[in-house]
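So the structure is just underneath, and the comments pick up after that.
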Amino acid sequence: MNQTDNHGPILARQLKRARQHRKWSLELCATHTGVSKAMLGQIERGESSPTVATLWKIATGFTLPLSYFLLTPGQDSGVEVPDDAAFQIQRNLNDLQIKTLLPFDSITRFELFQIVINPGYSHLSLPHNHGVIEHIVVISGAIEYLLNDNWLRLTAGQVAKFCADQPHGYRNVTQQTAVFHNLIFYGESYSG
């Protein structure tokens, strides 16, 4: 079930909810996230869908897990395992497709995504907050991930783990679509 067209309202609702919880103005939100006040306003009004990089900046600024912004109405980021419908939620953000397999769990401090990268696509990420660790498992195809200014190759069945509080990225330099799972561990400062 591809829900590309309606992730805007979900992001808008979650951004507004997070901002109201912190009692942040759009200006203060822009200061904390590094995303312009105008862009935040457009996202919150459902007029713009951010890239994955922008969404990560917002999540990092709020010290929230990424899945917080990808929740469907009625879905919570608590301890419960999501129902079958939740496993089918996908967000297409440019040429990167993110499927939430397990939303953030406040007890284990993990969330799990399936990421599909089309041939020729690259995704660069700014550092996440201190304590965030990413684990990647390539399911099919081959990807390269950027760490310490080096692109490292992984093929189906291979895994990697790294501290994500540094610049990093993913790319697909092959002619075939690649699929990998991204298990993200958040430090103690994350509440979801």
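Stokes-Einstein at 20 °C, 1.002 mPa s, Kirkwood radius from Cα pairs: D for the stretch 138-192 in µm² s⁻¹? Taking Rh from Cα pairs, D becomes 173 µm²/s.
Working note: Karplus 6.51/-1.76/1.60 with θ = phi - 60° gives the stretch 149-161 the couplings 6, 10, 8, 10, 8, 10, 10, 3, x, 8, 10, 8, 9 Hz, where Gly and Pro are set to x.
With 22 Å as the limit on Cα-Cα distance, the pairs of 23/57; 37/99; 99/161 that go past it are 37/99. Karplus-derived 3J(HN,Hα) values for the stretch 167-172, using 6.51 cos²θ - 1.76 cosθ + 1.60 with θ = phi - 60°, are x, 7, x, 9, 8, 10 Hz; glycine and proline are entered as x. Each peptide in 109-120, 56-67, 156-167 gets a packing score, the mean of other Cβ atoms within 10 Å over its residues, and the list from highest to lowest is 56-67, 109-120, 156-167. Taking amide H atoms as placed 1.01 Å from N in the peptide plane, the amide H of residue 101 lies under 5 Å from those of 112, 113, 114, each 5 or more residues away in sequence or on another chain.
Since every read-out is calculated from the coordinates, none of them should be taken as a lab result. Because the structure is predicted, anything quoted here is derived from the model rather than measured. Glycine gets a Cβ as well: all are built from the backbone with ideal geometry, and neighbour counts include every protein chain shown.
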